[in-house]
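I have placed the structure first, in the form of structure tokens, so that the comments after it can refer back to it.
The values are calculated or read from the model by the stated rules, or taken from the named source; none is laboratory data. Owing to the predicted nature of the structure, the values given are computational and were not obtained by experimental measurement. Here the Cβ is made from the backbone with ideal geometry for all residues, glycine too, and neighbour counts use every protein chain on show. Areas reflect the complete protein model, heavy atoms only, side chains present, ligands, DNA and RNA absent. Shrake-Rupley method; radii C 1.70, N 1.55, O 1.52, S 1.80 Å.
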Amino acid sequence: MRRVRLTAALLALVTVLIAALFWFLPDVSVETVICTAIAAGCLAIVAPFEARYPPERKRVLAACVVYVVMIGVALGFAFQGYADRAAPMGALGALAAVGLILVLWSFGIRNRVSRPAWRDYYDR
């Protein structure tokens with residue numbers, strides 16, 4: 001779960017940077033920037049906490065799902081505003097793809113239980 005949380009933290013940081021970049025682009029709507037920032041906040045909330053047990057892992061999964069949904073909403077707002085510009089749409093599409101990979105990864109390890117006697121060993 002450490003690698004998932006590290007990937008989530010890096011993805012949240014990249015998402016914040018892209019939201020800041022969108023803020024300065026004149027054609028990007030405010031709704032797109034707000035949805036992108038909320039999506040980054042969803043991942044940033046769960047990234048600092050260790051998730052050793054299944055309920056905590058399921059919270060990480062829920063945060064990843066909310067991230068993908070919010071990026072999808074931002075993509076919808078971006079599509080309504082300017083369908084002719086490809087750069088913001090491509091950036092949001094890439095964020096959604098990486099978020100989907102993160103959802104699948106966290107879904108695969110959501111029910112793991114750690115064995116305290118063995119270092120870094122998990123039962124399914």
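Annotations
- Counting protein heavy atoms only, the range 1-111 has 73 percent of its accessible area on carbon and sulfur, 1.4 angstrom probe.
- Rough spin-label spacing in nm, given labels placed 7 Å along Cα→Cβ, for residue 69 and residue 14: 2.3 nm
- Extending 7 Å from the Cα toward the beta-carbon at both residue 23 and residue 111 defines two label points whose distance is 4.3 nm.
- Solvent-accessible surface (1.4 angstrom probe) belonging to residue 56, in square angstrom, nearest 10: 60 Å²
- Relative packing of 70-78, 88-96, which averages over residues the other C-beta atoms within 10 Å, highest first: 70-78, 88-96
- Cα-based Kirkwood hydrodynamic radius, the range 1-111, one decimal, Å: 13.9 Å
- 1.4 Å probe accessible area per residue over the range 1-92, in Å²: 55 Å²
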